[in-house]
Structure formats: structure tokens, C-alpha cells
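Comments concern the structure below.
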Amino acid sequence: REYFSLLKELTLRSAASLGDGRRFVILFWDNGERDDGLPDQPIPGTQGNVDTLRSAVDRVFSIGRSEITPALKRAFELNADDVVIVTAKGWQLDDAFVQQVLNARTDHTARVHSVSLGGGGDGGLKQVAERTGGQFIELTLTDLRTLVR
């Protein structure tokens with residue numbers, strides 16, 4: 001939870017850096033809460049679109065257990081070129097998680113990048129990135145704070 005507000009801000013800044021020519025969609029892991037106001041189709045990465053999304057993103061909280069499969073399936077249905085998985089629970093993800101991601105990916109060719117917040121994600125998260133042509137990185141709380149400044 002301590003990472004989540006920083007992560008949301010960094011995500012919005014990243015989306016705004018894409019510009020008019022690239023599209024994005026933000027999909028949160030499913031924790032049973034509603035994420036009203038977030039588009040379900042990719043939109044251009046303009047500052048105006050990001051500003052519009054800010055209040056919807058601010059209403060999403062990291063609570064309880066969450067499930068990644070619905071978000072993954074949606075990302076692949078949208079034919080994303082790149083999917084980014086971010087979690088602070090990377091240390092919990094094992095071979096079963098890798099298989100879960102690969103099963104959701106099916107025959108899509110999207111690269112899956114993974115970010116482990118706080119470390120310990122060099123198991124399943126790293127494997128997912130390696131097996132799909134993506135990149136794996138670890139970020140500490142200090143790293144996030146520095147990036148958001």
C-alpha cells in the first residue's frame with residue numbers, strides 16, 4: 001500500500017509521456033472493487049486524457065486480495081504490444097504465476113514487462129519478462145519517490 005499512490009502518479013506521468021501517436025489503457029488487478037471512470041479501450045497518451053483520468057485513478061485503492069487474470073485477458077484482447085505488470089508481492093509469484101500469465105497471453109505476441117516493487121520479484125516476474133521478450137526491473141520505495149519528484 002505504501003507504494004500505491006506513488007505508483008499511480010508514475011503511471012499517469014508515463015502515460016502522458018506517450019503523446020498523441022501512442023495509446024494506452026490502465027488496468028488494475030481485480031480486488032472486487034469498482035474502477036469506474038477508467039476507459040476500457042486504449043486512448044491517446046495526451047496530457048488532457050491523463051488529466052481526465054486522474055480522479056478515476058485516485059479512487060482506486062490497494063486493498064485485500066487481487067487477481068491479475070481479468071486485467072491480463074483484457075490487455076491481450078486489446079492486442080496490446082506491451083503489457084506492464086507491477087506488484088509489491090513479486091516474492092510470492094512462482095512458476096504457477098508464470099503459467100497463469102502465459103495462459104492468458106495465449107497466441108498474442110505482446111511483450112510482458114514486469115516491475116517488482118520493493119524487490120524479491122526475481123522469480124516469477126523475471127521469468128514472465130524473459131519468456132515474452134519483456135524487461136524486468138526492481139524498484140525500491142526510494143526509487144519511486146525519486147521518479148515521482
> Among the DSSP beta bridges whose two residues both lie in the chain, what percent are antiparallel, rounded to the nearest 5?
Replying inline: 30
>> Largest first, please: the extent of the C-alpha atoms of the chain along each principal axis, to the nearest Å.
In response: 40, 35, 28
> Which aspartates and glutamates does K8 reach when only Cα atoms under 19 Å apart count, and residues fewer than 8 places away in its own chain are ignored?
Replying inline: D30, E33, D35, D36, D40, D51, D58, E67, D82, E138, D143
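Enter the accessible area per residue of the chain (Å², integer; probe 1.4 Å; all protein chains in place).
Numbers: 8650 Å² over 149 residues.
Per residue, the chain has 58 Å² of solvent-accessible surface.
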>> Please compute the contact order of the chain in relative form: average sequence separation of alpha-carbon pairs under 8 Å and at least six residues apart, divided by the residue count, as a percent.
In response: 22
> Can you list the residues, at least 5 places off or on another chain, whose amide H is less than 5 Å from the amide H of E138, using H built in the peptide plane?
Replying inline: S116
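Compare the peptides 109-119, 7-17 by average per-residue count of other Cβ atoms within 10 angstrom and give them in order, highest first.
109-119, 7-17
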> What part of the accessible area of the stretch 65-104, given as a whole %, is carbon or sulfur when the probe is 1.4 angstrom?
Replying inline: 46
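Can you tell me the length gained on complete extension of the stretch E67 to R111, counting 0.36 nm per residue apart and subtracting the Cα distance? Could the numbers behind the result be given before it?
Working: separation 44, 0.36 × 44 = 15.84 nm, distance 2.00 nm.
Full extension from E67 to R111 adds 13.8 nm.
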> Which far-off residues, 5 or more places away or on another chain, put their amide H under 5 Å from the one on F24, with H placed in the peptide plane?
Replying inline: I43, G45
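The values are calculated or read from the model by the stated rules, or taken from the named source; none is laboratory data. This structure is a prediction, so every number in the text was calculated from the model and none was measured. Heads up, the Cβs are rebuilt from the backbone with ideal geometry, glycines too, and the neighbour counts pull from every protein chain shown. Ligands, DNA and RNA are stripped out before the accessible areas are found, and what is left, the full protein with its side chains, is counted by its heavy atoms. Shrake-Rupley method; radii C 1.70, N 1.55, O 1.52, S 1.80 Å.
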